[in-house]
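A quick write-up on the structure given underneath.
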C-alpha cells in the first residue's frame with residue numbers, strides 16, 4: 001500500500017472516533033460538531049466520483065451505526081460526496097493548476113479553502129437537520145441549529161486542516 005492510502009485509512013478511523021466523542025457534545029442545545037465530513041472534504045480532487053460516493057456512504061454509515069441515527073448521515077454524506085466536485089469547481093475552476101490535488105489551506109489558499117469548507121459544511125448541515133426534523137414546523141430552531149452547527153464544524157475543520165497539512169515553509 002502506498003503512503004497516501006495508509007494516511008487516508010488513518011484519517012478515516014480518526015474522524016470516526018472523533019465524531020463518536022463529539023456526538024456527546026451539544027453546545028447550548030443547538031450546535032453539534034459534525035467533524036467527520038473533514039474526511040470527505042480532504043479526498044483528492046482527481047479521485048473518481050464512484051470512489052468518493054462509496055467512501056462518503058461508508059463513513060456516513062459507520063457514524064450512523066455508532067450514533068444510532070438510522071441512515072441520516074449516510075444519506076447526507078452520499079449527497080455531499082456527489083456535490084463535492086461541482087462545488088469545488090465553483091471556487092477553483094482550473095484544477096490542472098493545482099500542484100497538490102488534496103484540498104487544504106496550503107494547496108488552495110485561505111480564501112478559496114474557507115469558501116469551499118463553509119459551503120460544504122453548510123450544505124451538510126442543511127441536509128442533516130432537514131432530514132432529522134423532517135418538518136418545517138419549528139423552522140427557527142432548525143435554522144439556528146443549521147447555522148450554529150455549520151459555523152462550529154467549519155471552525156473545527158480549519159483546526160484539523162492546520163494540524164494535518166504539511167507545512168512547506170522553511171523556518172530560520
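The values are calculated or read from the model by the stated rules, or taken from the named source; none is laboratory data. Predicted model, so just to flag it, every value in this text is computed and none were measured. Methodologically, a virtual Cβ is constructed for each residue, glycine included, from the backbone with ideal geometry; neighbour enumeration extends over all protein chains shown.
When the range 71-84 is filtered for residues that are more than 13 Å from the chain's Cα centre (by Cα), outside any loop (DSSP other than H, G, I, E, B) and either free of Cβ contacts under 8 Å to residues at least 60 places away in the same chain or under 12 Å from residue 49 (Cβ atoms) (or both), only 75 remains. Here residue 112 fits the description: at pLDDT 85 or above, in contact with a helix residue (DSSP H, G or I) (Cβ under 7 Å, 6 or more places away or on another chain), surrounded by fewer than 17 Cβ atoms within 10 Å (Cβ to Cβ) and farther than 17 Å from residue 163 by Cα. Using beta carbons and a limit of 9 Å, which pairs, at least six apart or on different chains, have the first residue in the range 133-145 and loosely packed, with under 10 Cβ neighbours inside 10 Å and the second one modelled with pLDDT of 80 or more and not in a loop (DSSP other than H, G, I, E, B)? Correct list of pairs: 135/142; 136/130; 136/142.
Residues that are under 24 Å from residue 45 (Cα atoms), touching a helix residue (DSSP H, G or I) at 6+ places or on another chain (Cβ under 9 Å) and either assigned to a helix (DSSP H, G or I) or at pLDDT 90 or above (or both) are absent from the range 130-146.
Scanning the range 1-40 for residues being under 14 Å from residue 102 (Cβ atoms), part of a helix (DSSP H, G or I) and either in contact with a strand residue (DSSP E or B) (Cβ under 7 Å, 6 or more places away or on another chain) or modelled with pLDDT under 90 (or both) gives a total of 6. Might you let me know whether the range 20-34 holds any residue that is surrounded by fewer than 14 Cβ atoms within 10 Å (Cβ to Cβ) and more than 21 Å from residue 133 (Cα to Cα)? Yes: one or more hits.
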